[in-house]
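The values are calculated or read from the model by the stated rules, or taken from the named source; none is laboratory data. Keep in mind it's a predicted model, so treat the numbers as computed, not measured. Methodologically, a virtual Cβ is constructed for each residue, glycine included, from the backbone with ideal geometry; neighbour enumeration extends over all protein chains shown.
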């Protein structure tokens, strides 16, 4: 599973694209000046959100490789140290699981590899032996989280003003470029919605398929999580890009995170992280995992 504090930022992005509302009829005819209205852009975002829900469902039919590269920076912004970890990501009984396969682009030692295999086998055994009651509680918790995400989306629609910047080409495909800036006078209703005015962003939406292709989100004010847990400073930034896979789904391609942060009562430090995704491989939805590394069709 995605690790450390960058998950918090990614959840903000994911929530923005997690609306479960019925897809409206999309009217993107511009006015006399070539602009789109706020209503048109909100409709566009709802359509994109509905499609992203389908992308998330289809992701569960894929295995892939994820490489995380962390750069710790000194006070002058120079790289002090670099650490890279590469994972094989798979779906086990409805839950995404990571298997570490490389450190700093080198294979694991025999001892480390055995430890990873043991971890995966424990997860398989846990799911195989899960009681009906435990599974029901887990599913209820997941549904509650999805509903909270849908409510959060409603907050986002109220929290920002949208502006069509123009059209750009991404990977040879035309995309709308839309800016989102905090709306003056916005009053949050949900707990974490109070953080929304501290971010602004730009989104690239593929014109032919109305799928989001890229997001660039910037922190414009200090953001604190918990009393002393973490504090992100102004200028922290995350860029997320997606790509079209197998002519059927849009999945993550690359994530760049640049953060100035203070954790607990420690001194401030800067961190850059590059996350890349590759080798997407689709497996049959009817397959069942019978052991570590073994997949057998029904």
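For residue 70, the conditions (1) modelled with pLDDT of 70 or more; (2) more than 30 Å from residue 219 (Cα to Cα); (3) touching a strand residue (DSSP E or B) at 6+ places or on another chain (Cβ under 9 Å) all hold with the exception of (2). Each residue in the range 92-118 was checked for being closer than 25 Å to residue 58 by Cα and modelled with pLDDT of 90 or more, and 4 pass. For the range 209-220, the criterion of a residue being under 18 Å from residue 41 (Cβ atoms), in contact (Cβ under 8 Å) with a residue 12 or more places away in the chain and either more than 16 Å from the chain's Cα centre (by Cα) or not in a strand (DSSP E or B) (or both) is satisfied by at least one position. Screening 238, 289 for residues that are part of a strand (DSSP E or B), at pLDDT below 80 and in contact with a strand residue (DSSP E or B) (Cβ under 7 Å, 6 or more places away or on another chain) leaves exactly one candidate, 289. Of all residues in the range 263-277, none satisfies the criterion of being part of a loop (DSSP other than H, G, I, E, B) and modelled with pLDDT of 75 or more.
Within the range 99-116, being part of a helix (DSSP H, G or I) and surrounded by 15 or more Cβ atoms within 10 Å (Cβ to Cβ) holds for one residue alone: 116. When 173, 231, 202 are screened for being modelled with pLDDT of 80 or more, within 26 Å of residue 271 (Cα to Cα) and either buried (at least 17 other Cβ atoms within 10 Å of the Cβ) or out of contact with any helix residue (DSSP H, G or I) (no Cβ under 9 Å at 6 or more places or on another chain) (or both), only 202 passes. Out of the residues in the range 158-185 that are in a loop (DSSP other than H, G, I, E, B) and in contact with a strand residue (DSSP E or B) (Cβ under 8 Å, 6 or more places away or on another chain), which is farthest from residue 220 (Cα to Cα)? Residue satisfying both the conditions and the ranking: 171.
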